[in-house]
Amino acid sequence: MTATTHGQSQLLTDSDQVATVREFVKNGIDLESDRIATASDAFWMRLRQTGTELWLDTGNIDAAGRLWTAEFSALTTNNTLLNKEVQKGIYDELIVEASNLLGGLEPQSRVIEIAFILNARHGLKLVQKFGGMVSVELHTDMAHDTERTVAHARRFHDICPSHFVIKVPLTPAGLIATRRLRDEGIPVNFTLGFSARQNYLATAFAGPSYVNVFLGRLNAYVADNNLGDGRLVGEKATLASQRVVKELSQGRAAPTRQIAASLRAGEQVLALAGVDVHTIPTAVAEAAWEGQEEQIESKLDCDYEVELAANVSSGGAHIEKLWEVAGAERELADSCNADLPASGEELVSRAHDAGVGDLFPRLDDSDLARIADDGKIPKHEVWSEQVRDGRLAVDTLLNLAGLAAFATDQAALDERIRRLVE
């Protein structure tokens, strides 16, 4: 089995071996069979009529099946959701078979390749059952590696070009990779975004099919850190991002669309009616349906008021960066679009030179470890001085924390693979 080394693992380069893995993933899957019967639902139809596309945010086939109606068009998975499914043991036999197929790879590369197979296989099962689009996610080991991101995204696309959207995380390397994938016509769901300014840069420069605001985590950050009551922070950021993304996408043959992600409550579904896409966890979808209202109106023209604590309103936490796009950030995006950075490292340097280094802060390993230890919601007091001085920002903190959380769940999935094959 021919492979090249990138970092700590190998990249398959032999076209015959790549094809063998592709056929192994697809073996036994008939995308036209076992399709769930769908009926229409009046509540979801009213929401669709505001312009919002509805996706379920789950990898659980049974849970999705209980909610799926004709108004839903896609499902999205991630490292956390896939790990939940794999830990049930439903793919243990497949893991062993895949390991036998990949016997020529060194151990870490074999684990990463099996994780790719699991993600693709589960994605195909979701397509088979529901017939919609499915977002599939890369191994977190690739988040800072442009070449491996592009290579694996191409392979995902080759497995199911009519249904797979590839999730790429918001990192400097991810931006470079996404630009290349866009130029190849491969749809990307550019994930782990938290602000209008992050999505402005992503849309202007990389042009993915989708960008995200993980709005529930924004609300939790403000509430958990006593910066305010946490209400409507994420909603305000999402609507602001929707506006700049739409502005940039006008006239493009392949526009970027805004996703309202990390929905935490049923009322948020209605508060963001009209946003291009909602990725809705099953519990939130159930709550929205149970508390449904007859009248559903687009909220795209709303600019929600956010209640912040007195010490925050003075600007010390720079919460406004979640929904504002400054001139320097626009200039950076225009510059990158006109003169493409050759690497993620060059993009970081250009951001710092432009005075917006907090988009891509330079942190040492101890800083990153502390963010990972805090979990999905960092402790603001630890970073408040850097945030106040403009060396760091709330959106970048949450982006780094989100990637670390996904890496933790990816590690749990990888460990199950190792136990079965080593």
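Just so it is clear, none of the values below were taken in a lab; they were calculated from the coordinates. Computed from a predicted model, the values in this text were never measured in an experiment. A quick note on method: Cβ atoms are made from the backbone with ideal geometry, for glycine too, and the neighbour counts reach across all protein chains shown.
Mind jotting down the distance between the C-alpha centroids of the stretch 288-320 and the stretch 74-136, whole Å?
37 Å
Quick one: grab Rg to one decimal and Dmax as a whole number for the chain, Cα atoms only, in Å.
20.9, 63
When only alpha-carbon atoms are used, what values of Rg and Dmax, in angstrom, describe the stretch 110-247?
In order Rg, Dmax, the Cα atoms of the stretch 110-247 give 16.1, 47 Å.
Say the cut-off is 32 Å between C-alpha atoms; which of K236/K376; K125/K379; K125/K299; K299/K321; K84/K246; K167/K236 go over it?
Numbers: K236/K376 20 Å; K125/K379 39 Å; K125/K299 35 Å; K299/K321 21 Å; K84/K246 35 Å; K167/K236 24 Å.
Violating the 32 Å Cα-Cα cut-off are K125/K379; K125/K299; K84/K246.
Please work out the Cα center distance from the stretch 146-213 to the stretch 369-414, rounded to the nearest Å.
So the two Cα centres are separated by 21 Å.
How fast does the stretch 195-318 diffuse by Stokes-Einstein, in µm²/s, taking the Kirkwood radius from C-alpha pairs at 25 °C and 0.890 mPa s?
The Stokes-Einstein estimate is 162 µm²/s.
Can you work out the Karplus-derived ³J(HN,Hα) for every residue in the stretch 114-128? Use 6.51 cos²θ - 1.76 cosθ + 1.60 with θ = phi - 60°, whole Hz, and x for glycine or proline.
For the stretch 114-128, the Karplus curve yields 5, 4, 4, 4, 4, 5, 5, 5, 5, x, 5, 5, 5, 4, 4 Hz.
Only Lys, Arg, Asp and Glu count, each charged at its Cβ (+1, +1, -1, -1), so figure out the dipole size of the chain about its Cα centre, rounded to 20 debye.
Numbers: 41 positive and 62 negative charges, 107 e Å.
Dipole size: approximately 520 debye.
Between S135 and residues 5 or more places away or on another chain, which pairs have amide H atoms under 5 Å apart, with H built 1.01 Å from N, and which residues are they?
L75, T76, T77, V165
Which semi-axis lengths, in whole Å and largest first, follow from the square roots of five times the eigenvalues of the Cα gyration tensor of the stretch 301-375? Before the final figure, lay out the partial values.
Values: eigenvalues 140, 91, 22 Å².
Semi-axis lengths for the stretch 301-375 are 26, 21, 11 Å.
Can you tell me which of 269-278, 156-165, 11-20 comes out highest on packing, and rank the rest after it, using the mean Cβ neighbours within 10 Å?
Values: 269-278: 22.5, 156-165: 18.4, 11-20: 14.3.
In decreasing order of mean packing, 269-278, 156-165, 11-20 become 269-278, 156-165, 11-20.
Give, rounded to the nearest 20 debye, the magnitude of the charge dipole that the stretch 182-283 has about its Cα centre when Lys and Arg contribute +1 at Cβ and Asp and Glu contribute -1 at Cβ. Before the final figure, lay out the partial values.
Values: 10 positive and 8 negative charges, 27 e Å.
In total the dipole reaches around 120 debye.
For the chain, give the share of DSSP beta bridges that are antiparallel, in percent and rounded to the nearest 5; count only bridges with both residues there. If you can, show how the numbers build up before the last one.
Values: 5 of 32 bridges.
The antiparallel fraction comes to roughly 15 percent.
Return the sequence-ordered ³J(HN,Hα) values of the stretch 330-346 in whole Hz as given by the Karplus equation 6.51 cos²θ - 1.76 cosθ + 1.60 applied to θ = phi - 60°, using x for Gly and Pro.
With the stated coefficients, the stretch 330-346 comes to 5, 5, 4, 4, 5, 5, 5, 5, 7, 9, 5, x, 7, 7, x, 4, 5 Hz.
Which of A143, A338, A253 moves most in a GNM of the chain, Cα contacts under 10 Å?
Taking springs between Cα atoms under 10 Å, the residue moving most is A253.
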